[in-house]
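Visitor: Here it is: the structure, laid out below.
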Amino acid sequence: MNLSFMYKESPFISNSTMATWMTLSLQDSSSPMMEQLIFFHDHTLLILTTIVALVSYLMGSLFFNTNINRNLLESQTIEMIWTITPAIILFFIAVPSLRLLYLMDEINNPAITLKTVGHQWYWSYEYSDFSNIEFDTYMIPLNEMEDSSFRLLDVDNRIVLPMNTHIRMIVTAADVLHSWTIPSMGVKVDATPGRLNQMGMLINRPGLFYGQCSEICGANHSFMPIVMESVKTNTFISWISHLSEAS
Ligand code: CUA
């Protein structure tokens, strides 16, 4: 049974998010949290670029310096400046970083909960708010791929979630460590046997979002991808009721 019948009818077929060989930077965001993470990345990269440029210039000028400048050989003032300035710069990186760290930990009264269990080597999902809705998702092997399939990235049963809804994700594992992630949503949580990890998600656009297991978990670690369909609430409701009737 193919559970993911919705997407083939939806108009968002080009709206998928994954890393391709042309992706040099982060994937386009599909959640407010990831937007913030991209802003933080750009902010830090700007500071880093400035530091690298300044230090390169200083190293170059020192290399060609004849060491007769008394301010470079002995000066309390410049030592004070180049000690305190990096501390101030670090402050401007640490504060927004900590802000994001605590924002990511926040769970905002979620409307639905999705539980995922990592196995060697597939993911299984449970929609805990509904009775008896659970299924496994396996990667589509090379010999079963269609022309439109993405190699090593597509699965047989996609998870479907409504956009603009607070979602609680519960992550655990059955055998060894795995890690569940969707980079365009800015989420990555370790799946640990005997432990439930929790995270909050909010999807802000429709589309297909891809992820891969991110913890070395054995021979087929590369072959347990994650695919999420983000749909309208009504579409989600009809999908989930279709599943309830089927089970
Ligand atoms: Cu599961 Cu790597």
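Visitor: Please find, within segment 1-32, the residue that is modelled with the lowest pLDDT out of those that are outside any loop (DSSP other than H, G, I, E, B) and touching a strand residue (DSSP E or B) at 6+ places or on another chain (Cβ under 7 Å).
Guide: Of segment 1-32, the ones outside any loop (DSSP other than H, G, I, E, B) are 7-9, 16-17, 32.
Those still in the list that are touching a strand residue (DSSP E or B) at 6+ places or on another chain (Cβ under 7 Å) too: 7, 16-17, 32.
On the way: 7: 48, 16: 64, 17: 73, 32: 93.
Checking each candidate, the answer is 7.
Visitor: Every residue in segment 195-218 that is more than 16 Å from the ligand (Cβ to nearest atom) and surrounded by fewer than 19 Cβ atoms within 10 Å (Cβ to Cβ), please.
Guide: Answer for segment 195-218, where residues must be more than 16 Å from the ligand (Cβ to nearest atom) and surrounded by fewer than 19 Cβ atoms within 10 Å (Cβ to Cβ): 196, 198, 202, 204, 205.
Visitor: Taking the condition in a helix (DSSP H, G or I), touching a strand residue (DSSP E or B) at 6+ places or on another chain (Cβ under 7 Å), farther than 17 Å from residue 107 by Cα and not aromatic (Phe, Trp, Tyr), does residue 184 pass? First the steps, then the outcome.
Guide: Details: in a helix (DSSP H, G or I): yes; touching a strand residue (DSSP E or B) at 6+ places or on another chain (Cβ under 7 Å): yes; farther than 17 Å from residue 107 by Cα: yes; not aromatic (Phe, Trp, Tyr): yes.
Yes.
Visitor: May I pose another question? Do we have residue 140 as open to solvent by 10 Å² or more (accessible area, probe 1.4 Å), without any contact (Cβ under 8 Å) to a residue 60 or more places away in the chain and under 29 Å from residue 21 (Cβ atoms) here?
Guide: On the way: open to solvent by 10 Å² or more (accessible area, probe 1.4 Å): yes; without any contact (Cβ under 8 Å) to a residue 60 or more places away in the chain: yes; under 29 Å from residue 21 (Cβ atoms): yes.
Considered against the rule, which asks whether it is open to solvent by 10 Å² or more (accessible area, probe 1.4 Å), without any contact (Cβ under 8 Å) to a residue 60 or more places away in the chain and under 29 Å from residue 21 (Cβ atoms), residue 140 comes out as yes.
Visitor: Let me ask something additional. Taking the stated definitions as given, is residue 179 open to solvent by less than 40 Å² (accessible area, probe 1.4 Å), under 24 Å from residue 215 (Cα atoms) and in contact with a Lys or Arg (Cβ under 7 Å, 6 or more places away or on another chain)? Steps first, please.
Guide: Details: open to solvent by less than 40 Å² (accessible area, probe 1.4 Å): yes; under 24 Å from residue 215 (Cα atoms): yes; in contact with a Lys or Arg (Cβ under 7 Å, 6 or more places away or on another chain): yes.
So residue 179 fits the description; yes.
Visitor: So which residues in segment 27-57 are open to solvent by 80 Å² or more (accessible area, probe 1.4 Å) and hydrophobic (A, V, I, L, M, F, W, C)?
Guide: Answer for segment 27-57, where residues must be open to solvent by 80 Å² or more (accessible area, probe 1.4 Å) and hydrophobic (A, V, I, L, M, F, W, C): 39, 45, 46, 48, 52, 54.
Visitor: If you don't mind, there's one more thing I want to ask. Tally up the residues in segment 98-134 that are on the phi < 0 side of the Ramachandran plot and in contact with a helix residue (DSSP H, G or I) (Cβ under 8 Å, 6 or more places away or on another chain), please. Let's see the steps before the verdict.
Guide: First, the residues of segment 98-134 that are on the phi < 0 side of the Ramachandran plot: 98-108, 110-131, 133-134.
Those left that are additionally in contact with a helix residue (DSSP H, G or I) (Cβ under 8 Å, 6 or more places away or on another chain): 100, 103-104, 121, 127, 130-131, 133.
Residues flagged as on the phi < 0 side of the Ramachandran plot and in contact with a helix residue (DSSP H, G or I) (Cβ under 8 Å, 6 or more places away or on another chain) within segment 98-134 amount to 8.
The values are calculated or read from the model by the stated rules, or taken from the named source; none is laboratory data. This one's a predicted model, so the numbers in the text were calculated from it and none came from an experiment. No Cβ is skipped: glycine too gets one built from the backbone with ideal geometry, and neighbour counts run over all protein chains shown. Calculation scope for accessible area: heavy atoms of the full protein, side chains included, ligands and nucleic acids excluded. Shrake-Rupley method; radii C 1.70, N 1.55, O 1.52, S 1.80 Å.
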